[in-house]
Amino acid sequence: MPEPWERQPEETNKSWNAFRLYRDMEPSERSLAKIAAKLGFKYPTQTETWSRKNDWVSRAGQYDCHIDGLKRAQRERERLAASERRIQIAKNMQLVGGSKIQEIGKAIQDAIKEGKPLPEISLKDAALLIDAGVKIERLECGESTDKHELTGKDGGAIQLLHHYVLVDGIKPPEKKVTNGTGKESP
């Protein structure tokens, strides 16, 4: 049994050719009148008849879904391939960086053993190494490396509003909430 968007056994050569033109149009541009004009028909009567008889609208819709599925599968393959490339690059970066750090570490150990001056490393590079090392250590310990803050309008303090409900006619005590600046909110 052919797929709905493929030639159906009852279709004539002319109706199949017309359907292919219809099916392959951009969905937003698809119309029986445009197909009739392409085929040289003065009126779309013949394309309307073929469309009704061979269920063009449904078949073209199923084709659109099929093409969409193929495109989504292709994008997913590309996304996974890109992810694999980035992982490989990250591994290579770690390998190169790790080798360089080990080289510097060995040079420092050798200099200490031999009583020689320590190898030069810029303050900026030292700070970057410390920062990266702390992040790695925090991640390995299951701690966050991100900082999240909430701010109010224009980056200011957040105002908290408390609504109290009377229960059995008893009014709760009033509570004053500070707005983060130590000042009481009205």
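Annotations
- Ala90 being at pLDDT below 95, surrounded by 14 or more Cβ atoms within 10 Å (Cβ to Cβ), not hydroxyl-bearing (Ser, Thr, Tyr) and not in a loop (DSSP other than H, G, I, E, B): no
- When the residues of region 132-145 are filtered to those that are assigned to a loop (DSSP other than H, G, I, E, B) and either of a type in the set (A, V, I, L, M, F, W, C) or at pLDDT below 80 (or both), the one that is surrounded by the most Cβ atoms within 10 Å (Cβ to Cβ) is Thr145.
- Pick from region 1-48, criterion more than 16 Å from Tyr63 (Cα to Cα) and among the aromatic types (Phe, Trp, Tyr), ranking: surrounded by the fewest Cβ atoms within 10 Å (Cβ to Cβ): Tyr43
- For Ala81, the stated conditions hold: it is more than 30 Å from Pro2 (Cα to Cα), of a type in the set (A, V, I, L, M), at pLDDT 95 or above and within 42 Å of the chain's Cα centre (by Cα).
- Candidate set from region 100-119 (those that are loosely packed, with under 10 Cβ neighbours inside 10 Å and either at pLDDT below 85 or not in a loop (DSSP other than H, G, I, E, B) (or both)); member that is farthest from the chain's Cα centre (by Cα): Glu114
The values are calculated or read from the model by the stated rules, or taken from the named source; none is laboratory data. The shown structure was predicted, so the numbers you read here are calculated from the model rather than taken from an experiment. All Cβ positions, even for glycine, are placed from backbone atoms using ideal geometry, and neighbour counts span all protein chains on display.
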